[in-house]
Amino acid sequence: MKKTFNPFLMAQEQFLKAAKKMNLDENIINILKEPQEALEVSIPIKTDSGKVKVFKGYRVHHNNARGPYKGGIRYHPNVTLEEVKALAMWMTWKCAVVGIPFGGAKGGVVCNPKQMSRREKEALTREYTRRMINFIGPLKDIPAPDVYTDSQVMAWIMDEYNKYTGNTTLGVVTGKPLAIGGSEGRHASTGKGLTVVVQEALKYLEMKPENTTAVIQGYGNLGHIAAEEMYKMGIKIIAVSDSKGGIYNPKGLNPLKVESFKQKTGSVVGFPDAKKITNEKLLQLKTDVLAPCALENVITSENASKIKAKIIAEGANGPTTPEAEKILLKKNVLIFPDILANAGGVVVSYFEWVQDMQGYFWELDEIHAKLDKIMTKAFWNVVDMAEKHKTDFRTAAYIFAIQKVAEAIEKRE
Ligand code: GLU
């Protein structure tokens with residue numbers, strides 16, 4: 001029988017592995033293994049048919065020892081409290097790995113935005129915001145986009161929050177449209193950050209981008225930008241996929257053309273000059289880099305032994321289960337974990353928040369230079385930690401992050 005997947009147990013397992021390796025104080029373990037608080041709300045909205053539908057929503061605060069809580073909001077039919085708890089914990093580590101002064105939070109609403117009208121999404125977002133009004137704030141908890149939420153959703157949250165406070169507080173959410181305090185470069189930041197990690201990983205392995213192949217699973221905001229950025233670096237993108245399936249061409253795909261095809265048709269599937277491939281087969285292709293850029297639980301104990309990639313760069317949060325990771329580490333696959341590899345998004349969210357709080361906005365090249373510097377430094381910090389503790393990169397990233405959070409807790413005591 002297939003084991004049901006619980007992302008929070010997975011996050012706790014990863015945490016406890018690192019905590020053991022670094023001999024973390026038991027009191028700190030007890031504090032950090034659970035979120036500090038969790039809010040569960042019911043969100044009634046009138047649908048276009050006139051019927052009232054009630055949606056379940058969550059916001060979880062994992063830890064704020066290093067700064068205000070920070071993390072995205074996900075709209076997806078499979079959202080659960082356990083998933084949001086895991087994602088909130090990963091945000092705590094992510095912010096600490098890249099050294100930005102935030103704690104970890106996450107939100108989610110169980111809904112299918114693909115089947116909702118714009119009016120319904122707006123009503124849902126505004127009602128969800130009202131129910132979270134005392135849980136968020138620019139110095140308390142700052143939401144951002146995540147799976148199936150975008151800058152428009154952030155604009156509604158900001159507007160609703162400001163109706164309540166009577167002020168124009170830009171820094172209550174990040175990932176906003178440029179017209180209302182958004183930052184240059186935020187939209188592409190997660191994909192760019194992932195590419196910096198891949199670039200440094202190739203340097204670490206003394207591999208040249210022009211002799212490197214990559215496979216990207218997921219072609220949303222993150223996947224397609226990562227594909228385009230890696231392509232610009234000279235990496236050959238041999239396969240990409242979205243929720244409808246994948247495409248493969250061993251001679252290489254042009255991600256810009258794939259994206260414009262997807263814009264027109266709604267999927268990468270059917271792209272001319274490429275073979276159709278299932279998502280499952282795509283993960284098993286012979287490639288240097290494999291970047292899962294969609295959801296959790298994609299690389300599992302069932303497919304890990306068939307994976308032929310040398311490097312896994314986790315664009316998604318939680319794509320590799322601990323059982324799969326054990327199998328992959330035995331095969332010497334290098335896994336650059338989510339809490340490092342997809343941190344580019346929250347790094348530019350931090351820049352957005354700083355700009356909002358200062359009321360002074362930066363140019364795109366400044367954003368890119370600062371993002372590059374932070375991601376590169378974080379990468380080598382993790383590599384150094386892995387060498388010091390003779391461990392894998394995920395555990396090394398956790399040790400680095402946990403030390404920072406534990407230090408903050410101790411100093412505040
Ligand atoms: N949702 C993104 C993540 O998982 C971004 C979070 C943020 O910018 O606060 O990292």
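Every number in this text was worked out from the coordinates using simple rules, so none of it is lab data. Computed from a predicted structure; not experimentally measured. Glycine gets a Cβ as well: all are built from the backbone with ideal geometry, and neighbour counts include every protein chain shown.
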Worksheet item: Within the set of pairs 6 or more residues apart or between chains, which connect a residue that is charged (D, E, K, R) inside region 3-23 to a residue that is buried (at least 17 other Cβ atoms within 10 Å of the Cβ) with Cβ atoms less than 7 Å apart?
Response: LYS17/THR395; LYS21/THR391; LYS21/THR395; LYS21/ILE399
Worksheet item: In region 55-100, which residue that is among the aromatic types (Phe, Trp, Tyr) and within 13 Å of the ligand (Cβ to nearest atom) is farthest from the chain's Cα centre (by Cα)?
Response: TYR69
Worksheet item: Has region 167-176 got any residue that is more than 30 Å from ASP365 (Cβ to Cβ) and more than 16 Å from the ligand (Cβ to nearest atom)?
Response: yes
Worksheet item: So which residues in region 357-383 are touching a residue at least 12 places away in the same chain (Cβ under 8 Å), more than 19 Å from THR190 (Cβ to Cβ) and in a helix (DSSP H, G or I)?
Response: MET357, TRP380, ASN381, VAL383
Discussion item. Would you confirm whether or not region 320-330 contains a residue that is within 16 Å of the ligand (Cβ to nearest atom) and either assigned to a helix (DSSP H, G or I) or closer than 24 Å to ALA294 by Cα (or both)?
Written reply: yes
Worksheet item: Inside region 341-393, can you point out the residues that are more than 16 Å from the ligand (Cβ to nearest atom) and either touching a strand residue (DSSP E or B) at 6+ places or on another chain (Cβ under 6 Å) or among the charged types (D, E, K, R) (or both)?
Response: GLU363, ASP365, GLU366, ASP372, LYS373, LYS377, ASP384, GLU387, LYS388, LYS390, ASP392, PHE393
Discussion item. Whether any residue in region 112-122 is farther than 30 Å from TYR398 by Cβ, of a type in the set (S, T, N, Q), more than 15 Å from the ligand (Cβ to nearest atom) and not in a helix (DSSP H, G or I) is what I want to check.
Written reply: yes
Worksheet item: Scanning region 123-136 for residues that are in contact (Cβ under 8 Å) with a residue 60 or more places away in the chain and of a type outside the set (Lys, Arg), which turns out nearest to the ligand (Cβ to nearest atom)?
Response: ILE136
